[in-house]
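The next block holds one structure in the form of structure tokens; read it before the comments.
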Amino acid sequence: MSNKNIRDQIINNTRNKSNIFERMIPVILLLITSVSILATIGILVTLLSESFEFFSRVPITEFLTSATWQPYVGDGEWGIWALIMGTLKIVAIAVIFAVPIGLGAAIYLSEYASDRVRRIIKPILEVLAGIPTVVYGFFAINFVNPILQGIYSGFGLYNAVSAGIVVGIMIIPMIASLSEDAMSSVPTAMREGSLGMGATRLETAIRVVIPAAFSGIVASFVLAISRAIGETMIVSIAAGSMPNASFDVTEPLQTMTGFIVQITSGDAAFGTDLYYSLFAVGMMLFIMTLLMNVIASWFTKRFKEEY
Amino acid sequence: MAELKTKIKQNTQEQSVEKSPIIQEEKEVVFQSKNFNLWYGDNHALQDINLTFHENDINAIIGPSGCGKSTFVKSLNRMTELVPIVRTEGDIDFRGDDIFKSGMSVEELRTRVGMVFQKPNPFPKSIYDNVAYGPRVHGIKKKAVLDQIVEKSLRSASIWDEVKDRLTDNAYGLSGGQQQRICIARALAVEPEVILMDEPTSALDPISTTKIEDLMQELKKDYSIIIVTHNMQQAARVSDRTSFFYQGYVVESDDTNVIFENPSDKRTEDYVSGRFG
């Protein structure tokens, strides 16, 4: 008897299901999604309009071509290159330090480590990613810098190398963990194909696994570099506040983020050149990270191995 | 159960005496396993395997799922070592040398003993780079030499005509059957002596399967082939010798026509006639 009843019941329930609710779902989800899009647009609009105000006071040619950033002297000199060079020095040192280590760790974890070792090491790496950057900042000053000064006495208290290395340490877990994810998701069958030809594990990792995981690995670099560009606390604490466009890494410097922190936490009165310069520098930061993403997406498209 | 195992063992030992010495005497032995045992953890997957494979033969290994046939073939080039819990006992000789002895380089073994896998597994690279992979790994860099190897291997794998105009395309754009022949070409490119095939056609359609079976007949002139198959018709069609594995033992190993027409063990007969498995 029950067969017939259950079937009727199920069909009735199906008919009674509210279609309006189902149709509302995409709309609700779209609204949720637009929060982040709207926020981005809002930030962009603010940056753009305030930057325009800045460039009506300071010629954009001076901003983009000069290498002297001296906002406090007279009318001020606004050559963004001094700040860009500061950021680039930090990022370059961080990348030189973090990419080999992060990638090496990823190769070890995905190609050599046993499941047990991986299960222990990966969470530790991820803890490293959770350390507050202010802690990294005094780690740079109190631990890394004394070591550097022991090696070469020319290093000042504030310099590019100690801050750069520590920014590098901060981004290692990101590179290692994301690259490891990308490499682990390369099918085992591909490794077998390579090992079965008499290739060693390292040859297999370098010639098959890394190329196959390339887009994921590049994505990890991009995220890491973007974080290094945007990193603020470490450089504010350990890199000093002396904008300069030199290549000397033993001197103090100032990054774009460092400048913003210094001014916002200090004395920029509303409506001054200094106040508007914050937005121009912020705009520049935004353009740099955007550029990173564009380069990366071109890079992955060009070299991606699809399977 | 214990009785059955003893019986299988006895049968195995009887069978290890080669039945047709006249033909076999002329051919050189490539692989010989002596009391080879393998464990996955506590699971005794291969038990006292004694088998001999000769040059220029196609050797089929048949048996129901889980009988150890793939495991055995993967032991021949030590691919089983990739599974951390594997433990082995006994010898496998490749051209008279024990493959497990300490001086044996696993890379050299795998170069001399090529492998084609169950599912086509080309690298996500161009067709050319797939085939040139092995030679490059083994230090051949000259473009002209590589060109030659790639063409020769693709021709030997009967796929040259289909891909010669698109060697720079990604191998993943090819059909499954073509991919498998690319994998065969890739294996041939380092000029191995033996080719192991682990159910190479199980993921392919009938037409591609026929192509690969025809190809095997061509290849056997220059190579020794050991093929695992769950398809008994395939074993009957392509192979010279057949070994029947059952629950980790070799039940019977003989000329293919003997196995299929006049097997000496009841279980072999039941299996090849499709009554179980």
Item checked: Anchor B:Lys69: lysines whose Cα lies under 29 Å away (excluding residues fewer than 8 positions away in-chain) -> B:Lys5, B:Lys7, B:Lys9, B:Lys19, B:Lys27, B:Lys34, B:Lys101, B:Lys119, B:Lys211, B:Lys220, B:Lys221, B:Lys266
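About the Cα centre of the stretch A:108-183, what is the dipole size in debye to 20, counting +1 per Lys and Arg Cβ and -1 per Asp and Glu Cβ, all else neutral? Don't skip to the end; give the middle numbers.
Values: 4 positive and 5 negative charges, 32 e Å.
Once rounded to the nearest 20, the dipole reads 160 debye.
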Checklist line | Integer Hz, Karplus 6.51/-1.76/1.60 couplings in order for the stretch A:72-82, x for Gly and Pro | finding: 9, 8, x, 6, x, 10, 10, x, 4, 4, 4
Note to self: Suppose each label sits 7 Å from its Cα in the direction of the beta carbon; what would the B:Asn35-A:Leu38 distance come out to in nanometres?
What the structure shows: 7.9
Checklist line | Vicinal HN-Hα couplings computed from phi for the stretch B:256-267 (Karplus, 6.51 cos²θ - 1.76 cosθ + 1.60; Hz; Gly/Pro x) | finding: 4, 5, 5, 4, 8, 9, 9, x, 8, 9, 4, 5
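Of B:Arg87, B:Arg78, how do they rank once you tally other Cβ atoms within 10 Å and put the fewest first?
B:Arg87, B:Arg78
Quick check: net charge around A:Ser177, other residues with Cβ under 9 Å of its Cβ, Lys/Arg +1 and Asp/Glu -1?
Details: positive: A:Lys122; negative: A:Glu126, A:Glu180, A:Asp181.
Once all neighbours under 9 Å are counted, the net charge is -2.
Dipole magnitude of the stretch A:77-303 about its Cα centre, charges +1 at Lys/Arg Cβ and -1 at Asp/Glu Cβ only, in debye to the nearest 20?
Details: 11 positive and 13 negative charges, 147 e Å.
For the stretch A:77-303, the charge dipole is close to 700 debye.
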Check: In straight Cα distance, which lysines are under 19 Å from A:Lys304, not counting same-chain residues fewer than 8 positions off?
Finding: B:Lys125
Next item on the list: Sort all Cα-Cα distances of the protein assembly as shown into consecutive 10 angstrom bins from zero, then give the percent of pairs in each bin up to the one containing the longest distance.
Entry: 3, 13, 18, 16, 14, 13, 11, 7, 3, 1, 0
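Could you size up the charge dipole of the stretch A:2-57 around its Cα centre, putting +1 on the beta carbon of Lys and Arg and -1 on that of Asp and Glu, and report it in debye to the nearest 20?
Approximately 520 debye in magnitude.
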Notebook entry, point to check: Spin-label point model (7 Å from Cα, Cβ direction): what's the B:Asn43 to A:Phe138 distance in nm?
Noted result: 5.5
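Can you tell me the relative contact order of chain B? Whole percent, Cα pairs under 8 Å, sequence separation 6 or more. Before the final figure, lay out each step's value.
Values: 505 pairs, mean separation 75.0, N = 277.
Worked out over chain B, it gives 27 percent.
Using just the Cα positions, wrap the stretch A:2-57 in a convex hull and report its mean projected area in square nanometres, one decimal place. Mind dumping the intermediate values first?
Numbers: hull surface 19.6 nm².
If you wrap the Cα atoms of the stretch A:2-57 in a convex hull and average its projections, you get 4.9 nm².
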Check: Ranked by Cβ crowding within 10 angstrom, fewest neighbours first, how are A:Lys89, B:Lys221 ordered?
Finding: B:Lys221, A:Lys89
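Using DSSP to call loops (not H, G, I, E or B), can you name the GluC sites (Glu not before Pro) in the stretch B:215-277 whose Cβ has at most 13 other Cβ atoms within 10 angstrom?
On the way: sites: B:Glu218, B:Glu252, B:Glu261, B:Glu269; in loops: none.
Passing sites in the stretch B:215-277 do not exist.
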Next item on the list: With θ set to phi - 60°, apply the Karplus curve 6.51 cos²θ - 1.76 cosθ + 1.60 along the stretch B:152-165 and write out the HN-Hα couplings as whole Hz, x wherever there is a Gly or Pro.
Entry: 4, 5, 5, 5, 4, 8, 6, 9, 3, 4, 6, 10, 4, 8
Check: Counting pairs of alpha carbon atoms under 8 Å apart in space and at least six apart in sequence, what relative contact order in percent does the stretch A:77-303 give?
Finding: 31
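Return the percentage of antiparallel bridges among DSSP beta bridges fully within the protein assembly as shown, rounded to the nearest 5 %. Intermediate values should be presented prior to the final figure.
Details: 27 of 44 bridges.
Once the DSSP bridges in the protein assembly as shown are tallied, antiparallel ones form about 60 percent.
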Margin query: Between 0 and 90 degrees, rounded to the nearest ten: what's the tilt of helix A:115-129 against the longest Cα principal axis of chain A?
Written below: 40
Check: What full-extension length gain, to one decimal in nm, is calculated for A:Thr264 and A:Arg116 as 0.36 nm per residue of separation minus the Cα-Cα distance?
Finding: 48.5 nm
Item checked: Dipole axis of the stretch A:2-57 (+1 Lys, Arg; -1 Asp, Glu on Cβ), positive-most option in A:Ser56, A:Ile32, A:Asn5 -> A:Asn5
Margin query: Quick check: the angle from helix B:2-15's long axis to the longest principal axis of chain B, C-alpha only, nearest 10 degrees?
Written below: 60
Next item on the list: Give the cross-link partners of B:Lys74 among the aspartates and glutamates, using a straight C-alpha distance below 13 Å as the criterion and excluding same-chain residues fewer than 8 apart.
Entry: A:Glu192, B:Asp198, B:Glu199
Check: Once amide H atoms are built 1.01 Å from N in the peptide plane, which residues 5 or more positions from A:Ser241, or in another chain, come under 5 Å H to H?
Finding: A:Leu253
Checklist line | Cα lying deepest toward the dipole's positive end in the protein assembly as shown, options B:Ala132, B:Ser102, B:Leu82, charges on Cβ | finding: B:Leu82
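Output needed for chain B: three equivalent-ellipsoid semi-axes, defined as square roots of 5 times the C-alpha gyration tensor eigenvalues, in descending order, whole Å. Numbers along the way, then the final one.
Working: eigenvalues 213, 85, 58 Å².
In descending order the semi-axes read 33, 21, 17 Å.
Rule-based calculations on the coordinates, nothing more; no lab input. All values reported here derive from a predicted model rather than from experimental measurement. Because the Cβ atoms are built from the backbone with ideal geometry, glycine has one as well, and the counts that use them run over all protein chains shown.
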